[in-house]
């Protein structure tokens, strides 16, 4: 196959292409914040939670919003953009299309909890030096969402997996929490063209 015939596959961070200008800028901002947090906490010997929470909120922008500014769609609970459970799909299907960003009974669940992703960045030497590329590498691998019902979310909680991965997690199976909690999920649906 010639280079011309190869299809360009973009690296994604959540729902955003890694090369999108807003993605690049967000990764730069996160990298600067990681560097600041690491240096500041090392100096004072205590956690600065507000700055950590700012990064977690920034991660949501990658998984809740679409990068196409012409689209009015919000992807928070989108069955076309995120993995989802059969029960979540039923709730989505019954929801008004006008209020798809605030559907009661659903959770926008990060496959790898945001706090763990933040810790990965804070423990990565390149991220601690302010490397936006290192931030992008970690986020492209670990920042994924599954839409679940509140009931399914409680299953994770009952297994002690709300904010952590299972003991002995290998860092590769991004959806290990759902397997342990016996939550079956589906791939995003294909849109009819």
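Within the range 105-133, count every residue that is surrounded by fewer than 21 Cβ atoms within 10 Å (Cβ to Cβ) and more than 18 Å from residue 61 (Cβ to Cβ).
Counting residues in the range 105-133 that are surrounded by fewer than 21 Cβ atoms within 10 Å (Cβ to Cβ) and more than 18 Å from residue 61 (Cβ to Cβ) gives 14.
Determine, yes or no, whether residue 167 is surrounded by fewer than 16 Cβ atoms within 10 Å (Cβ to Cβ) and in a helix (DSSP H, G or I).
No.
Go through (1) assigned to a helix (DSSP H, G or I); (2) touching a helix residue (DSSP H, G or I) at 6+ places or on another chain (Cβ under 7 Å); (3) surrounded by 19 or more Cβ atoms within 10 Å (Cβ to Cβ) and name the single condition residue 91 misses.
If we test residue 91 against (1) assigned to a helix (DSSP H, G or I); (2) touching a helix residue (DSSP H, G or I) at 6+ places or on another chain (Cβ under 7 Å); (3) surrounded by 19 or more Cβ atoms within 10 Å (Cβ to Cβ), just (2) comes out false.
Does the range 59-68 include one or more residues that are farther than 22 Å from residue 190 by Cα and at pLDDT 95 or above?
Yes: the range 59-68 contains one or more residues that are farther than 22 Å from residue 190 by Cα and at pLDDT 95 or above.
Please go through the range 45-65 and give me each residue that is exposed (fewer than 13 other Cβ atoms within 10 Å of the Cβ) and part of a helix (DSSP H, G or I), ordered by number.
If the condition is that a residue be exposed (fewer than 13 other Cβ atoms within 10 Å of the Cβ) and part of a helix (DSSP H, G or I), then 49, 50, 57 are the ones that fit.
The values are calculated or read from the model by the stated rules, or taken from the named source; none is laboratory data. This structure is a prediction, so every number in the text was calculated from the model and none was measured. Please note: Cβ atoms are built from the backbone with ideal geometry, for glycine as well, and neighbour counts cover all protein chains shown.
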